[in-house]
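In what follows, a single structure is set out as structure tokens and then discussed.
The values are calculated or read from the model by the stated rules, or taken from the named source; none is laboratory data. Being a predicted model, the structure only gives us computed values, none of them experimental. So basically every Cβ, Gly included, is an ideal-geometry build from the backbone, and we count neighbours across all protein chains shown. The protein model used for the area step is the full one, side chains on, heavy atoms only, and it has no ligands, DNA or RNA in it. Shrake-Rupley method; radii C 1.70, N 1.55, O 1.52, S 1.80 Å.
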Amino acid sequence: MTPPLEIAPPRGKLGVLLVGLGAVSTTTIAGTIAIRKKLAKPIGSLTQMGTIRLGKRSEGRSPKINEVVPLAGCDDLVFGGWDIFEEDCYAAACTAGVLEASLLTQIRSELEAITPMPAVFDKRYVKRLDGPNVKKGKHKRDLAEQLIADIRAFKQRHGCDRLVMLWVGSTEVYLQPSAVHQSLAAFERGLEGSDDAIPSSMVYAYAALREGIPFANAAPNLTADIPAMLELAERTAAPVAGNDMKTGQTLIKTIIAPGLKARLLGVKGWYSTNILGNRDGEVLDDPESFKTKEESKKSALDYIFQPHLYPDLYKDLCHVVRINYYPPRGDNKEGWDNIDLVGWLGYPMQLKINFLCRDSILAAPIVLDVALFLDLAKRTGMWGIQEWLSFYFKAPMHAPEVYPEHDLFIQLMKLKNTLRYMKGEELITHLGREYYD
Ligand SMILES: NC(=O)c1ccc[n+]([C@@H]2O[C@H](COP(=O)([O-])OP(=O)(O)OC[C@H]3O[C@@H](n4cnc5c(N)ncnc54)[C@H](O)[C@@H]3O)[C@@H](O)[C@H]2O)c1
């Protein structure tokens, strides 16, 4: 056992800065306020409801996670953020249409008090959107400095002790890493020259990391996952996590696929399609934004099935992912998966999944958990990529020398073992020989 890490206590208020006050953000904010007022329960949130086994099974110690590690409480959170639309959070939550009016009216004044700061936005990176609440600047460096001024003013205005920032904005167009992303010096020159390879999301991430604020990317766009940002995160000791929250269809995929693989059932094909009618669905209807999402959604199966180790079972897997924008459904996504399986002696079988889910209802507890765990990481002196938060992401950030871990159950074990490690508790191996010796 290693000694516990020194964790600074979560004193005072934690400011949670959300870039993009759309469906996911408003559902997170409204949900947290409703939970604070005991109007609803934090279902889906590990930080609020999860327990963690400590020590041997025979010890019977399974406290709540938030009693083991010092997390900021829901009462201590102050929300703020940016959006290209001027609507306050109450109006934005009504537009998003996720939560019922009967709940929203009970917390209306708290939501109306949260108004978006003017955004850093360029339509070239999100083609289906345009809005009036946008900053002007000489170049991207100037815009980053304006964001830093917003961050400092927010912190002072609300008397926050600490801050975290999450990109919960629309999915930007597909970008690949290029020269300007390779070092902080190149990136800062790129900001001054308003380089096209720096989308709006990177300007926010840069501003957060410059201030030493933990940053997470809840969407799939290329944002913090570049050497320049990691260099900055190291310099300012800021934790980073991402990318793309694992919610509906991909969550189910990373629950089912490890099970099939564990029993060595082959998979010839996996066809996933869904209908979605919210603004996210509209943005993803643009092929360039969809390409970003598709790349993020497709990677999980390859890593879980390891076709290089199991060529007989997974080598020629045909994996297709579709998203169809269908307005009548709003945020209530319906996903269909058809899995063509192969069993003993090569006999084919099929598995069909029909998930009638709610996108933002699945995403909100993740935003809350990631915000609280990133703040914990910062107070524990952990900076750079927080791989233990892979549990929450479709395309988890990872060190270049290792592959990303996609199996939800390994991810959960990694997360809980990290918490045990922080507290100097024994890591759980599930060996259990001692009961039979
Ligand atoms: N809901 C889920 O299950 C889920 C899962 C994984 C990822 N995501 C991603 O999370 C993001 C948010 O999803 P959503 O359903 O809330 O979408 P949404 O369209 O309702 O909200 C996104 C908001 O971001 C704003 N925005 C866009 N660019 C901005 C910028 N540069 N600065 C400030 N604001 C900006 C938009 O105006 C909009 O209000 C999307 O990228 C989505 O793909 C969602």
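Worth pointing out:
- Scanning the stretch 123-164 for residues that are within 9 Å of the ligand (Cβ to nearest atom) and open to solvent by less than 40 Å² (accessible area, probe 1.4 Å) yields Y125, V126, L129, G131, N133.
- Filtered residue count, the stretch 392-401, keeping only those that are crowded, with 22+ Cβ neighbours inside 10 Å and free of Cβ contacts under 8 Å to residues at least 40 places away in the same chain: 0
- Elements of the type strands (runs of 3 or more DSSP E) sitting completely within the stretch 260-370 and holding at least 2 residues that are aromatic (F, W, Y), in contact (Cβ under 8 Å) with a residue 12 or more places away in the chain and within 16 Å of the ligand (Cβ to nearest atom): there are none.
- Selected residue [in contact with a Lys or Arg (Cβ under 6 Å, 6 or more places away or on another chain) and either modelled with pLDDT of 95 or more or of a type in the set (D, E) (or both)] from D340, D312: D340
- Tallying residues that are under 25 Å from R379 (Cα atoms), open to solvent by less than 10 Å² (accessible area, probe 1.4 Å) and within 16 Å of the ligand (Cβ to nearest atom) within the stretch 8-50 yields 9.
- Any hit, the stretch 242-253, residues being within 19 Å of S45 (Cα to Cα), within 16 Å of the ligand (Cβ to nearest atom), open to solvent by 30 Å² or more (accessible area, probe 1.4 Å) and not in a loop (DSSP other than H, G, I, E, B): yes
- Single unsatisfied condition, P258 versus (1) surrounded by 24 or more Cβ atoms within 10 Å (Cβ to Cβ); (2) touching a Phe, Trp or Tyr at 6+ places or on another chain (Cβ under 9 Å): (1)
- Filtered residue count, the stretch 278-318, keeping only those that are among the aromatic types (F, W, Y) and open to solvent by 10 Å² or more (accessible area, probe 1.4 Å): 3
- Scanning the stretch 402-437 for residues that are assigned to a helix (DSSP H, G or I), within 21 Å of N243 (Cβ to Cβ) and either open to solvent by less than 30 Å² (accessible area, probe 1.4 Å) or of a type in the set (G, A, S) (or both) yields L408, Q411, L415, T418.
- A399 vs. criteria farther than 22 Å from K41 by Cβ, within 14 Å of the ligand (Cβ to nearest atom), not in a helix (DSSP H, G or I) and not charged (D, E, K, R): no
- Single residue of A197, A216, A208 found to be touching a residue at least 12 places away in the same chain (Cβ under 8 Å), aliphatic (A, V, I, L, M) and assigned to a loop (DSSP other than H, G, I, E, B): A197
- Scanning the stretch 79-106 for residues that are near the ligand (Cβ under 9 Å from one of its atoms) and of a type in the set (A, V, I, L, M, F, W, C) yields W82, I84, F85, A92, A96, V98.
- Subset of the stretch 363-381 [touching a strand residue (DSSP E or B) at 6+ places or on another chain (Cβ under 8 Å) and open to solvent by 40 Å² or more (accessible area, probe 1.4 Å)]: K378
- One residue alone among A101, A113 is surrounded by fewer than 16 Cβ atoms within 10 Å (Cβ to Cβ), within 30 Å of G212 (Cα to Cα) and without any contact (Cβ under 8 Å) to a residue 40 or more places away in the chain, and that residue is A113.
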